[in-house]
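Here's the structure we're looking at; comments come further down.
The values are calculated or read from the model by the stated rules, or taken from the named source; none is laboratory data. Quick caveat: nothing in here was measured; it's all calculated off a predicted structure. When we count neighbours, we look across all protein chains shown, and the Cβ atoms used for this are built from the backbone with ideal geometry, even at glycine. These area figures cover heavy atoms from the full protein model, side chains too; ligands, DNA and RNA do not enter into them. Shrake-Rupley method; radii C 1.70, N 1.55, O 1.52, S 1.80 Å.
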Amino acid sequence: MSSEKYIPFFRRQQAARGELPTTFKYDLPEKVRKQIWMLWNQSGLAPLSHNIVQFLYLELGTTPLPNCPQVTNYFTGITPEDELYGYLSNVKNIDYALTVIELMSMHAAQQGYTFFIDNVNERLQIEAIGYKIDVVETSALLRSLEDEQFSAYVTEPCLSILSKFPTARQHYLEAYEELKKKKYDDAMTDLAQAMESLLKTRFTQEQIAFSKRDTLGKLLDTAQKHAVCGDFSFHRFKELILNVGQGRNNNSHGHAEGNKPEIDAVYTRFMINQAAANLLFLAEVELCHK
């Protein structure tokens, strides 16, 4: 029998039909939580649940763990495994659920059971969940992932080029920080400021007239007049760039008053990635003083 890992028939069929997800999602569905718990049990690590439960008691300042309707006390026969599984299954805040998985991975690494971490990473990859566990010496840390190809071909070149535009680069990096803090509107503001700063720097370098009070739309109009790629081509790019630069949570989305959509992490992350492509273009497009 082949030593290659078996891929179930239904997954091979999904791949053949192009049905497997190609972009990451950053939630943690019930199915994935159950699968990770199964791996925890199958690895023989379930007895270590007691250590994790005790750690969470201290960090959360409560006993028993919240959001566990089946937990009362250990006199009823509830074990630490039951309590931890109940918490992992029911906690709504994704950060807390991921913390449990990170703690499980840390204990697995300390015991030398890195195959548990490998199996969890494989499960996250199969389900296109945008997180990965890294083994760090005898411990483990969870981190979020961006699309690797997009990062290699867009984000990293963008950051490299932006080293010539330090103010724009700082605004762009601040957008990532605002995303972490869940300040999504602030992240969108940072993206607009990054593009505005870059254009103003380029206009100064090329001796192209502009006003320091110009906002992104006006700056793009000016860039369009001086872009060597052609007026029509730049017009098409300008619409895409404005969609990012004006992507804040305002009433410009065409929704009726009272139905203003709320910006979320998925929307903001997409816009940050799109802004990288925009900044790369704005930094590289040839401008001439006409």
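Net charge in the neighbourhood of PRO47 (other residues with Cβ under 15 Å of its Cβ; Lys, Arg +1, Asp, Glu -1) is -3. Measuring with a 1.4 angstrom probe and ignoring ligands and nucleic acids, ASP27 comes out at about 80 Å² accessible. Positive contributions from Lys and Arg (+1) and negative ones from Asp and Glu (-1), summed over other residues with Cβ under 13 Å from the Cβ of LEU28, come out at +1. With the whole protein complex present, PHE9 retains an accessible surface near 120 Å², based on a 1.4 Å probe. Taking every alpha-carbon pair under 8 Å whose residues sit at least 6 apart, the stretch 124-208 reaches a relative contact order of 18 percent. Among the lysines, which fall within straight-line cross-link reach of LYS34, defined as a Cα-Cα distance under 16 Å, with same-chain neighbours fewer than 8 residues apart omitted? Counting by Cα, and skipping residues close in sequence, LYS34 has these lysines nearby: LYS92.
Quick check: net charge around SER89, other residues with Cβ under 14 Å of its Cβ, Lys/Arg +1 and Asp/Glu -1?
Local charge sum for SER89: 0.
Probe radius 1.4 Å, ligands and nucleic acids left out: which of GLU102, GLU137 has the largest accessible area, and how do the rest follow?
On the way: GLU102 45, GLU137 175 Å².
Final ranking, largest accessible area leading: GLU137, GLU102.
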